[in-house]
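One structure below.
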Amino acid sequence: MLIDGHNDLAWAMRREYDADLDAVDLTGVVPDLHTDLKRLEAGGVTGQFWSVYVSPELFAGPSAVTATLEQIDFVRRLVARYPDRLMLATTADEVSASGDRIASLLGMEGGHCIDGSLAVLRMMRALGVRYLTLTHNKNVPWADAATDDPVLHGLSEFGEDVVREMNRLGMLVDLSHVSADVMRHALRVTAAPAIFSHSSARAVCDHPRNVPDDVLATLAQNDGVCMVTFLPAFVSPAVARWHAEAKAEARRRGIQKGDPAYDALMIGLAERSPPPVATLTQVVAHIEHVRAVAGVGTGGCVGVSAALRRPRRPRLVQGRPGQARRREHRPRAQSSRGRRRPGWLTSRRDLAGNAGSFRNRPWVLCSKQSQSRRYMLHVTQCPRARRGMARSVHSGIHGFVNTSPARKGGPRCQMRS
Ligand SMILES: [Zn+2]
């Protein structure tokens, strides 16, 4: 069983297709998206946490709650539309019972979506949400984000209440995106295993979104999971530097993230000075490091999450009030066929190049290259996983892999050492 901890399809569909499932056929390959059912199935994904993320730059206060509800509605419509391919899952038992269908779980990203209300948290849980990432890129009044200026240097009292309430409800506490102080604080408070749904190792790539070693060591005591992400800036120190310089340039020009000019600037900078390429070799280094520090089997468990967002190309949207918006002109990304896109992970060649590093090590890796250069790595060495455990934490989900046979059309590349 392979469970991906974070997938932004719902946000991409909202942004690109107004959340209209008639606008795109997800049963075929959709090059404009990182995800479609065909690639999920080919990648051997058996469980998917669909993120019901909404941008804190665009939605704050009650509007963030409304938008999150709309995202939940989208995932439910998605599952209802493809009942033979997807199954909504809210417990480990339901994941196990999903059979050939992809178990579809819900994860919320960012405390702004509960608008400071434990009642909203409880209602989101009632609608099927099984994890909350405490912050996104911006601080919330009760927790600091990794990529914002620290205010609390941890959780406020209300932040502690949120963690305890999630423990009580059976929701996973997701510590991706929070500051290192919040990671440590939340791990002291939580009574249940925590997760990082999409973060890598800070010792390998010094990016604030990654997990420091002392936190990984604590995660081992907590029995938690760190799901290594493939985001190039979190994986490769050179890519991280490129992005840091690009962000500094945006600050110099007074351009905020979320502004269309920001994406245009990033694309312009990438064309002038292409960012370095992050490789699967580097992803593997993160996995190895997390395994070395957090361990497998007795404590923390390394996992894998693929969460990629590519810069949005500028597009013109025309329409009058009351009219459906019409996309007039939408510059296409350069074809990635047969060509490396700067900044993205490369190919199965990288994986093959790693074969030596896995010799005499008890790992099994599977990789599937998708058209949009999204990769899934399948790590099946966790002893719990080998026992086929999809363990229930309260009524939440923990554990993500077992050695069940690859699904039809499954991973193309498999190495055993
Ligand atoms: Zn994220």
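The values are calculated or read from the model by the stated rules, or taken from the named source; none is laboratory data. Since we're looking at a predicted model, the values are computed, not measured. Using ideal geometry, Cβ is built from the backbone for each residue, glycine included, and neighbour counts are taken over all protein chains shown.
Filtered by the rule that a residue be free of Cβ contacts under 8 Å to residues at least 60 places away in the same chain and more than 16 Å from the ligand (Cβ to nearest atom), region 181-193 gives D181, R184, H185, A186, L187, R188, V189, T190, A191. Consider region 137-166 and keep the residues that are of a type in the set (A, V, I, L, M, F, W, C) and under 18 Å from G61 (Cβ atoms). The one that is surrounded by the fewest Cβ atoms within 10 Å (Cβ to Cβ) is F158.
Conditions tested, residue by residue: (1) modelled with pLDDT under 95; (2) not in a loop (DSSP other than H, G, I, E, B).
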| position | (1), (2) |
| --- | --- |
| M1 | yes, no |
| A10 | no, yes |
| H34 | yes, no |
| K38 | yes, yes |
| W50 | no, yes |
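Taking V163, is it hydrophobic (A, V, I, L, M, F, W, C) and out of contact with any Gly (no Cβ under 8 Å at 6 or more places or on another chain)? When the stated conditions are applied, V163 passes them. Each residue in region 106-153 was checked for being within 16 Å of the ligand (Cβ to nearest atom) and not in a loop (DSSP other than H, G, I, E, B), and 14 of them qualify.
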